[in-house]
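Please read the structure below before turning to the comments.
The values are calculated or read from the model by the stated rules, or taken from the named source; none is laboratory data. Keep in mind that what you see is a predicted model, and the values were worked out from it rather than measured. We place every Cβ from the backbone using ideal geometry, glycine too, and count neighbours over all the protein chains shown.
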Amino acid sequence: MTAEFSPLKSIVIVGGGSAGWMTAAALSDALGKACSITLIESEAIGTVGVGEATIPPIRTFNQRIGIDEATFIKETAGSYKLGIQFVDWARKGHSYFHPFGQYGAEFDKVPFYHYWMRESLAGTVDGPIDEFSMCWAMAKAGKFAHPEPDRRKIQSTFDYAYHFDAGLYAAFLRRFSESRGVKRLEGKVVEVSVRGEDGFIEAVTLDGGERVGGELFIDCSGFRGLLIEGALEAGYENWQHWLPCDRAVAVPCAKGPEITPYTRSTAKEAGWQWRIPLQHRTGNGYVHCSEFISEDEATETLMNSLDGEAQADPRTLRFVTGRRKKFWDKNCVAIGLSAGFMEPLESTSLHLIQYGILRLIALLPDSEMSPLLAQEYNAQTATEYERIRDFLILHYKATTRDDAELWRYCSAMEIPDSLQYKMEHFRNYGLLVADERELFANPSWIAVYLGQDIVPQRAPAITEMRSSVPVAERMQMISNAMTQAVDQMPPHADFLARHCRSPLAV
Ligand code: FAD
């Protein structure tokens, strides 16, 4: 006999930033008209609106809900992103690239980067491993083309994501969601009513007096966590001792002559500065730790290092790195900044939103709202946060900079055992022990290890046992193929102009 089943009839989303509208878009696509979806947002409160850089899985999200790439880039004044250039992180005057894609190409049972490590330690290859990344080869030449599906070609070894204007993105998703039946209510939530008998959220009341009831509430209200924390007091796990930055000052500026197909992150005295090129402007921000720099100094540093004239007043955002202790509590699921924030260094926030939504769809409750589903959702989400957290901490920990207090603090700080374990494997044996389900796979870890001057004592043992493989010859062939492939690609600006030029482009 099957259990009685009573599907959800109403979902209420509180918040209309990227999290709210991504949730509305994906739920309306997945549930169709089977359930009413209402989104409440307040123009008076506004959004964070600075999430402008993404990682490749965003493409899967767009494809899943049927968003065409060219339309998406055009409507969000976006550009392509092949990875992140990290400047001055390991030490001043040094830079490396974290690419979206693999290094070299596979020609044996042993991964390319392990052979590269063997040759590099033996002194038979010069230069950084970046030289074998298609993403970096394209990025430094300012080129872009889509990857090719034929896995025998070097053009199949890279991946890409997007930069876009977060305000235009929310507006785009709003049109998308409203056309699929999502109802939007403008207003400020002033009260959250909780049922006496079980502590479930029953309704929210807007400043105009309207009471909006629902069965499932999604908290997309941003850092304040209006429902998950304000009403349910789910608690917050603070990670500032590992990820100490707690402020960002952000400002858009006029676009420079080049539209680079990558994000730049430049380490500064008390944090780091982002540079994100869009078709109509460049996004900039200085993420910093308030213990080591004043807001005025941080703003001055940012304003003195822009590509062009500032297009708005600089805006400071405050945050506490960490995560909600429960992401799903009773009949409320926190998605977006209300769920946690680990700082924007590797552009993972929109990704966490995307996976929060997909996980919710996979574990969608019925009106019984089983705590077992919440338990599974919370366990999976916590693991995902922790894996990303460790990858971010690595950037701060693995620095040789000792010119400023922040960097001295970070290089000396205790790190999670999970990260320590990974670093020991790499340092001692050149081995990568990222779990296969990790968002950041082996090439990402190796990019940051090597980029931040962690040199392994030896290459993995297997590389020494395959002396008959003609590694040097294969590496030369790969290098030649990369040069030829990049030569034939169009400049990024031309690619955008031809396929997805925004009406706002300058
Ligand atoms: P918000 O944008 O804050 O939206 C909250 C919504 O809730 C708003 O619509 C607001 O009006 C509404 N609201 C709040 N209270 C009420 C109320 N009482 N009544 C009604 N409505 C209410 N992510 C990336 O992936 N890449 C990046 O490059 C990136 N850069 C970032 C840089 C910085 C400095 C920061 C702080 C974040 C960055 N992020 C980035 C994160 C990204 O901006 C957010 O994850 C994303 O925008 C989602 O935010 P949100 O929708 O959760 O919150």
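For segment 343-372, filtering for residues that are within 13 Å of the ligand (Cβ to nearest atom) and either under 19 Å from GLY15 (Cβ atoms) or hydroxyl-bearing (Ser, Thr, Tyr) (or both) leaves 12. For segment 123-162, the tally of residues that are part of a helix (DSSP H, G or I), β-branched (Val, Ile, Thr) and in contact with a strand residue (DSSP E or B) (Cβ under 7 Å, 6 or more places away or on another chain) stands at 1. The requirement of being surrounded by fewer than 22 Cβ atoms within 10 Å (Cβ to Cβ), within 16 Å of the ligand (Cβ to nearest atom) and either within 17 Å of GLU346 (Cβ to Cβ) or at pLDDT below 95 (or both) is fulfilled nowhere in segment 277-296; no residue meets it. Against the list (1) within 15 Å of the ligand (Cβ to nearest atom); (2) in contact with a strand residue (DSSP E or B) (Cβ under 7 Å, 6 or more places away or on another chain); (3) more than 18 Å from GLY336 (Cβ to Cβ), the condition ALA44 fails is (2). Among (1) small (Gly, Ala, Ser); (2) at pLDDT below 95; (3) surrounded by 20 or more Cβ atoms within 10 Å (Cβ to Cβ), which single condition is ALA441 missing? The number of the failed condition is (3). Among the residues of segment 454-470, just one is at pLDDT 95 or above and either touching a Ser or Thr at 6+ places or on another chain (Cβ under 8 Å) or basic (Lys, Arg) (or both), namely ARG458. Mind checking which residues of segment 89-107 are within 22 Å of GLU148 (Cβ to Cβ) and either out of contact with any helix residue (DSSP H, G or I) (no Cβ under 7 Å at 6 or more places or on another chain) or not hydroxyl-bearing (Ser, Thr, Tyr) (or both)? Scanning segment 89-107 gives PHE97, PRO99, PHE100, GLY101, GLN102, GLY104, ALA105, GLU106, PHE107.
Are any of the residues in segment 77-98 within 16 Å of the ligand (Cβ to nearest atom), out of contact with any strand residue (DSSP E or B) (no Cβ under 8 Å at 6 or more places or on another chain) and in contact (Cβ under 8 Å) with a residue 60 or more places away in the chain? The answer is yes; a qualifying residue exists.
Counting only strands (runs of 3 or more DSSP E) that sit completely within segment 167-236, those holding 2 or more residues that are surrounded by 15 or more Cβ atoms within 10 Å (Cβ to Cβ) correspond to 183-186, 189-194, 201-206, 216-219. Checking each residue in segment 465-485 for being surrounded by 11 or more Cβ atoms within 10 Å (Cβ to Cβ), over 31 Å from the mean Cα position of the chain (by Cα) and aliphatic (A, V, I, L, M) picks out VAL469, VAL471, ALA472, MET475, MET477. Scanning segment 237-269 for residues that are outside any loop (DSSP other than H, G, I, E, B), out of contact with any His (no Cβ under 8 Å at 6 or more places or on another chain) and not small (Gly, Ala, Ser) yields GLU237, ASN238, VAL251, PRO252, CYS253, ARG264, THR266. Restricting attention to segment 194-244, the residues that are away from the ligand (no atom under 12 Å from the Cβ) and under 23 Å from the mean Cα position of the chain (by Cα) total 9.
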